[in-house]
Structures are given as C-alpha cells and as structure tokens.
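Encoded as structure tokens, the structure appears first; notes follow it.
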Amino acid sequence: MIKAILVFNNHGKPRFMRFYQHFPEEKQHQIVRETFHLVSKRDDNVCNFLEGGSFIGGSDYKLIYRHYATLYFVFCVDSSESELGILDLIQVFVETLDKCFENVCELDLIFNMDKVHYILQEMIMGGMVLETNMNEVVAQVESQNKLEKSEVGFSTAPARAVSAVKSMNLSDFPRNIVDLKVQNLSHFA
C-alpha cells in the first residue's frame, strides 16, 4: 500500500505532498526533510529503492523515487508493493503530468495544485492503485476540464441576469405588471 507521495525540488522544498496515512503536520514536514536527505545524498548510478526512514515507519517501508530535472518524485510504500511496479507508476504519473501541462515544470505543480491532485486521484485512491493507463487518465482530466469550462458560463449567469434587469426600462411595461404583489401569486401555487 502507498503511504505517501512526495515531490520536492533539488533544494528540498516540497512541491506536492499526499499522505494516505495520518501524520500531524509537523511530522509530515519531518518526513519530507528526512526523505530529502536520504534521497538527495544518493548517487545517480545506484538503484532507486531504499529502506524507509525512522519517521515513515522504518524497515517495513520503502522509498521508491525518480529524479527528473529539478524534481524528485518519491513514493513511500509498505513491503507489499512491487518496487518495479511503483517505478512504472511514477513514470506514468510524470508522463501524465507532462501531457496535461505540456512539458510540466515545478511551477505547474505549485500553481495547479488542484489539477495535480485530480490527476493523482484518477490514478491512486486511499493508497491503492486504480489506473495505470495514461490515456485513460488524460481522457478523464480532459472531460473534467470541459466540465469546468461549461460551468464558467453558469457562474456568470447571475451577473448577466442582474445587468440585463438593470438595463431594462420598466416604464415600458404596463403598470399592473410592475405593481404585481406576492399575494396575487398565491393562486399559482
């Protein structure tokens, strides 16, 4: 089971954190710091698996990571997960981000946190892997984007209605429509 997903830059600044096990906020930051120190000291020629640190659960947990440009993508998993499967999942996650943001960079993660969370939720929920097909995830993200764009029209509808009423000249209406009272509407209910 996946316990946490951490993305931080070469300087150890967290850019994305998702914990599937509850930790207090201070402990989460300690986990990020410890994970950064464990991962950043490793040579590029060594394998991408290592034992979890003391904060994340010790020897029963593994840190599986990939280093892309200025970002480290680290998955903290328990011993039941396949290391190669998680490496593949990291690759799919990064490729999906790259496809959704067109050459993803650190700033995309910072300024589009909700979209990154949505992409991850399409792939992983509750620490369990749901989907590893990048095309399926991208299709869901695109349909979500279309839905959000269509809702933009609904959110501006009240403002358009108010401006339309303000621009109406009520003196053109017959007087009895303007003086319509609520009690006159009771027979319609």
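Overview of results
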{"quantity": "Qualifying residues in the stretch 46-60 (those that are modelled with pLDDT of 85 or more and within 27 Å of the chain's Cα centre (by Cα)) - the one surrounded by the fewest Cβ atoms within 10 Å (Cβ to Cβ)", "calculated": "Phe49"}
{"quantity": "Sole exception among (1) closer than 20 Å to Glu106 by Cα; (2) outside any helix (DSSP H, G or I); (3) open to solvent by less than 70 Å² (accessible area, probe 1.4 Å) for Lys3, by number", "calculated": "(1)"}
{"quantity": "Any hit, the stretch 124-133, residues being assigned to a helix (DSSP H, G or I), buried (at least 17 other Cβ atoms within 10 Å of the Cβ) and modelled with pLDDT of 90 or more", "calculated": "no"}
{"quantity": "Residue in the stretch 87-95 that is at pLDDT 90 or above, more than 18 Å from Phe19 (Cβ to Cβ), of a type outside the set (D, E, K, R) and in contact with a helix residue (DSSP H, G or I) (Cβ under 8 Å, 6 or more places away or on another chain) present", "calculated": "yes"}
{"quantity": "Of residues in the stretch 6-19 being among the basic types (Lys, Arg) and assigned to a strand (DSSP E or B), the one nearest to Leu130 (Cα to Cα)", "calculated": "Arg18"}
{"quantity": "Strands (runs of 3 or more DSSP E) completely within the stretch 20-121 that count 3 or more residues being of a type in the set (A, V, I, L, M, F, W, C)", "calculated": "71-78"}
{"quantity": "Checking Val74 against (1) among the aliphatic types (A, V, I, L, M); (2) modelled with pLDDT under 90; (3) within 30 Å of Asn145 (Cβ to Cβ), the condition it does not meet", "calculated": "(2)"}
{"quantity": "From Ser40, Ser82, residue being open to solvent by 10 Å² or more (accessible area, probe 1.4 Å), free of Cβ contacts under 8 Å to residues at least 12 places away in the same chain and small (Gly, Ala, Ser)", "calculated": "Ser82"}
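The values are calculated or read from the model by the stated rules, or taken from the named source; none is laboratory data. Predicted, not measured: the structure shown is a model, and the values here were computed from it. Every residue, glycine among them, receives a Cβ derived from its backbone with ideal geometry; neighbour counts consider all protein chains shown. Just the protein is used for accessible areas: all its heavy atoms, side chains included, with ligands, DNA and RNA removed. Shrake-Rupley method; radii C 1.70, N 1.55, O 1.52, S 1.80 Å.
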